[in-house]
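Q: Below: one structure in structure tokens.
What follows draws every value from the coordinates through simple rules; no lab data is involved. The model shown is predicted, which means the values in this text are computed figures rather than measured ones. Cβ placement follows ideal geometry from the backbone for every residue including glycine, while neighbour counts extend to all protein chains displayed.
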Amino acid sequence: MAARIVVVADTHVPARAKRLPDAVWHDIEAADLVVHAGDWVVPELLDEFERRSRRFVGVWGNNDGEALRSRLPEVAHVELEGLRMGVVHITGDAKGREQRCDRDHPGLDVLFFGHSHIPWDTVTPAGMRLLNPGSPTDRRRQPFCSYLVVDAHDGELTEVRLVRLPRS
């Protein structure tokens, strides 16, 4: 049986946006697993994610205070459909990222991360897939806001789709 995973990061609500776009909530509510790779800003958004997700995993980011850090880990691990996944907010500079992630996060099939607001999709020398969904609320220097919808089956990613949100 296949599983659908929705991955977001760097929501920065309400600092960068008052709320998440409706399309994001629609996909979250339909997902088997929802992943948030940090920078929430307020715990009320975490509460809403927990209410609206069938299964949820998240981490805190550098913009998250004690209220969020007391409820979320810095690094999380989850398995779904035989896929070993990790979640972290910061992986460091783009240069050397793949080697650093192999060293710091061994044994994973996929590592989801955030912080840069830049979508990222690469594979490390050890074969781990590195995925950053960008941000659904703060595009920074990117041409669009974004998040990921990922399908998994029998320990494999069968599809990774970057969802580009229209400018509001």
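Q: In nanometres, what is the gap between the two model label sites at Lys18 and Arg161, each 7 Å from Cα along Cα-to-Cβ?
A: Taking the two extended label points, one gets 2.9 nm.
Q: Among Val6, Val24, Val78, what is the fewest-to-most ranking by other Cβ atoms within 10 Å?
A: Values: Val6 24, Val24 21, Val78 17.
So the residues, fewest neighbours to most, are Val78, Val24, Val6.
Q: Ok, one more. Projected area of the chain, taken from the Cα convex hull and averaged over every viewing direction, in nm²?
A: On the way: hull surface 35.7 nm².
Convex hull of Cα atoms, orientation-averaged projection: 8.9 nm².
Q: Let me ask something else. ³J(HN,Hα) across the stretch 154-161 via Karplus (A = 6.51, B = -1.76, C = 1.60, θ = phi - 60°), whole Hz, x for Gly/Pro?
A: 3J(HN,Hα) across the stretch 154-161, in whole Hz: 6, x, 10, 7, 9, 7, 10, 10.
Q: Defining a contact as two alpha carbons under 8 Å apart and six or more residues distant in sequence, what relative contact order in percent does the stretch 3-165 show?
A: Details: 403 pairs, mean separation 40.3, N = 163.
Relative contact order for the stretch 3-165 comes out at 25 percent.
Q: What number, rounded to the nearest 500 deg cm²/dmol, is the helix-based mean residue ellipticity at 222 nm of the chain, given -39500 (n - 2.57) per DSSP H run of at least four residues and division by all its residues?
A: Details: 4 runs with 31 residues, N = 168.
That comes out to -5000 deg cm²/dmol.
Q: Quick check: the distance between the Cα centres of the stretch 138-152 and the stretch 37-83, to the nearest angstrom?
A: Taking the Cα centre of the stretch 37-83 as reference, the centre of the stretch 138-152 is 18 Å away.
Q: Output wanted: per-residue J couplings in Hz (rounded whole) for the stretch 141-152, from phi through Karplus 6.51 cos²θ - 1.76 cosθ + 1.60, θ = phi - 60°, x for Gly and Pro.
A: Computed from phi, the couplings for the stretch 141-152 are 8, 8, x, 7, 7, 7, 7, 10, 10, 10, 10, 10 Hz.
Q: While we're here: Can you list residues from other chains, or at least 5 along the same chain, whose modelled amide H is less than 5 Å from the amide H of Ile118?
A: Amide H neighbours of Ile118: Gly134.
Q: What is the set of long-range amide H partners of Leu83 at a cut-off below 5 Å, with H atoms built 1.01 Å from backbone N?
A: Gly155
Q: What are the ³J(HN,Hα) couplings of the stretch 82-88, residue after residue, when phi is run through the Karplus curve with 6.51, -1.76, 1.60 and θ = phi - 60°? Round to Hz, x for glycine and proline.
A: Each residue's phi maps through the Karplus curve to give x, 8, 8, 10, x, 9, 8 Hz.
Q: Please report the net charge: other residues with Cβ closer than 10 Å to the Cβ of Gly134, K and R +1, D and E -1. Intermediate values should be presented prior to the final figure.
A: On the way: positive: Arg139, Arg140, Arg164; negative: Asp10, Asp138.
Neighbourhood net charge equals +1.
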